[in-house]
Amino acid sequence: MPPYKILAVFGTRPEAIKMAPVVLELQRHPQDFDCRVAVTAQHREMLDQVLNLFAIEPDYDLNIMQARQSLEEVTTRALEGLSAVIAREQPDMVLVHGDTTTTFVAALAAFYHHKQVGHVEAGLRTGQKYAPFPEEMNRRLAGVLADLHFAPTITAKDNLLREGVPEENIYVTGNTVIDALLATVRPHYSFGDLDLPPALFDGHKVILLTAHRRENWGEPMRAIFRALRDLVRSHPEAAVIFPVHKNPLVRESATAILGGQERIYLLEPLAYEPFVNLMARSYLVLTDSGGLQEEAPALGKPVLVLREVTERPEAVESGTVRLVGTSYKKVYEHVHELLEDEESYRRMAQAVNPYGDGLASRRIYLALRYHFGLEVLRPEEFLAKRKDF
Ligand code: UD1
Ligand code: UDP
């Protein structure tokens, strides 16, 4: 009998950004769903920034983050904490998102308590066990445990079908990150309190950089940073803004190589609102993040991906995203080309939206209604089409 109890679980910044629209949508329909929120707080400050923006107050906060935490610590602390929450709440379904350790562990805890699992952003694959690490395994393991799979794209659905997931359990919804993005980017956003020169955007080609992937720690990340330092030195029109991830390993390399350099601005992690508005004003995005590969194309910003493989092939196919890897030479050459060659830049700077239309959370809500017998018809699937943002 409705309302069915849904426990949404997340722990890191990107999960929070992408689950917030789902939580808010479910909470708009209390007659259908009683949506509770449990955060592991695998991230602390970076999670809280998102909770504040979307005004989500978790019902449970496990507060597990420790400085320089290991995968084993995150896994065991989250598993024990989430098991207790699930035992107490007895939800009809646990909703998890994406591919973090919180995601996998939440699905495992739900399984141990015989609870159904809904996996949001299901079906992304590189096909390589260690790339990205440990995300490829986290999402595959969550996928095996899931009862419902909310695939953002047809490609993701095809990956799941190949693995033997029954088609009736897969819903192609678009990615909820586009719901969050469309609700947050504004044409005249003012960056009042950011520590940046006022005329930066008028006078420079601003490169927005983010980097945090585990497989890039150490030498790959240092090579990327050296390439950018040298590019900015040799291109007076270029500037780099880098909101540095809280991970101390990332901070150490960033500060050592990029700290104190002219026209390179190292910032604290930005709240989602200034961050995506900054992306909308930048010239080019360099990143090893997953979410940025989805957001930047929607804003018509070329993306150079600092990885060897991606689980998000759609925007690579449409030409807005290029995989460049992490060598000094490749990073230098690709950025140089996009700074110098207008035609090359123009070809990449096309707004495409293979990842969503802003209605993913609505489709997830409708799919849950259908699943629990509150709706007669399956929701229509998201079909990607080219369109201007
Ligand atoms: C985690 C996820 C990764 C996701 C990324 C998004 C795992 C194993 N990794 O990686 O999939 O892409 O989040 O950013 O699930 N820290 C803080 N404050 C914060 C957040 C992090 O101080 O708000 C520091 C802590 O020292 C922490 C370290 O960063 O120990 C690493 O955090 P962790 O969640 O383990 O790994 P990420 O690299 O952030
Ligand atoms: N983001 C943010 N502030 C920042 C950097 C990124 O709000 O300073 C957002 C970004 O818009 C995207 C998400 O965080 O939605 C990506 O998170 P991250 O790169 O940490 O993780 P990934 O996407 O790689 O899992």
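Brief remarks follow.
- Filter result (among the β-branched types (Val, Ile, Thr) and assigned to a loop (DSSP other than H, G, I, E, B)) within segment 284-334: VAL309, THR310, THR320, VAL324, THR326
- Qualifying residue in segment 305-323 (condition: within 16 Å of ligand 1 (Cβ to nearest atom), in contact with a helix residue (DSSP H, G or I) (Cβ under 7 Å, 6 or more places away or on another chain), more than 19 Å from ARG186 (Cβ to Cβ) and of a type in the set (A, V, I, L, M)): yes
For (1) open to solvent by 20 Å² or more (accessible area, probe 1.4 Å); (2) within 30 Å of GLY118 (Cβ to Cβ), each residue gets a yes or a no:
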{"site": "ARG162", "(1), (2)": "yes, yes"}
{"site": "ASN169", "(1), (2)": "yes, yes"}
{"site": "THR176", "(1), (2)": "no, yes"}
{"site": "ARG186", "(1), (2)": "yes, no"}
{"site": "LEU200", "(1), (2)": "no, no"}
{"site": "GLY203", "(1), (2)": "yes, no"}
{"site": "VAL206", "(1), (2)": "no, no"}
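- Residues that are part of a loop (DSSP other than H, G, I, E, B) and of a type in the set (A, V, I, L, M), drawn from segment 249-283: LEU270, ALA271
- Of all the numbered requirements in (1) within 16 Å of ligand 2 (Cβ to nearest atom); (2) closer than 20 Å to TYR370 by Cα; (3) acidic (Asp, Glu), GLU168 misses one, and that requirement is (1).
- Among the residues of segment 201-221, those that are within 15 Å of ligand 2 (Cβ to nearest atom) and part of a strand (DSSP E or B) comprise VAL206, ILE207, LEU208, LEU209, THR210.
- Matching residues, segment 122-143, being in contact with a strand residue (DSSP E or B) (Cβ under 6 Å, 6 or more places away or on another chain) and among the aliphatic types (A, V, I, L, M): ALA122, ALA142
- Options LYS115, LYS157, LYS129: the member that is more than 27 Å from LEU26 (Cβ to Cβ), open to solvent by 10 Å² or more (accessible area, probe 1.4 Å), modelled with pLDDT of 95 or more and not acidic (Asp, Glu): LYS129
- Within segment 262-275, considering residues that are over 16 Å from LEU47 (Cα atoms) and surrounded by 16 or more Cβ atoms within 10 Å (Cβ to Cβ), the one farthest from ligand 1 (Cβ to nearest atom): ARG263
Residue-wise test of (1) touching a Pro at 6+ places or on another chain (Cβ under 7 Å); (2) within 25 Å of ASP288 (Cα to Cα); (3) surrounded by 15 or more Cβ atoms within 10 Å (Cβ to Cβ).
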site: VAL316; (1), (2), (3): no, yes, yes
site: THR320; (1), (2), (3): yes, yes, yes
site: GLY325; (1), (2), (3): no, yes, yes
site: GLU333; (1), (2), (3): no, yes, no
site: GLU337; (1), (2), (3): no, yes, no
site: ARG369; (1), (2), (3): no, no, yes
site: LEU377; (1), (2), (3): no, no, no
site: ALA384; (1), (2), (3): yes, yes, yes
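- Among helices (runs of 4 or more DSSP H) entirely within segment 1-103, having at least 3 residues that are open to solvent by 20 Å² or more (accessible area, probe 1.4 Å), away from ligand 1 (no atom under 16 Å from the Cβ) and under 21 Å from GLY291 (Cβ atoms) singles out no element at all.
The values are calculated or read from the model by the stated rules, or taken from the named source; none is laboratory data. What you are looking at is a predicted structure, and each value in this text was computed from that prediction instead of being measured. Positions of Cβ are backbone-derived with ideal geometry, glycine not excepted, and every protein chain shown enters the neighbour counts. In case anyone asks, the SASA skips ligands and DNA or RNA and just uses the protein heavy atoms, side chains included. Shrake-Rupley method; radii C 1.70, N 1.55, O 1.52, S 1.80 Å.
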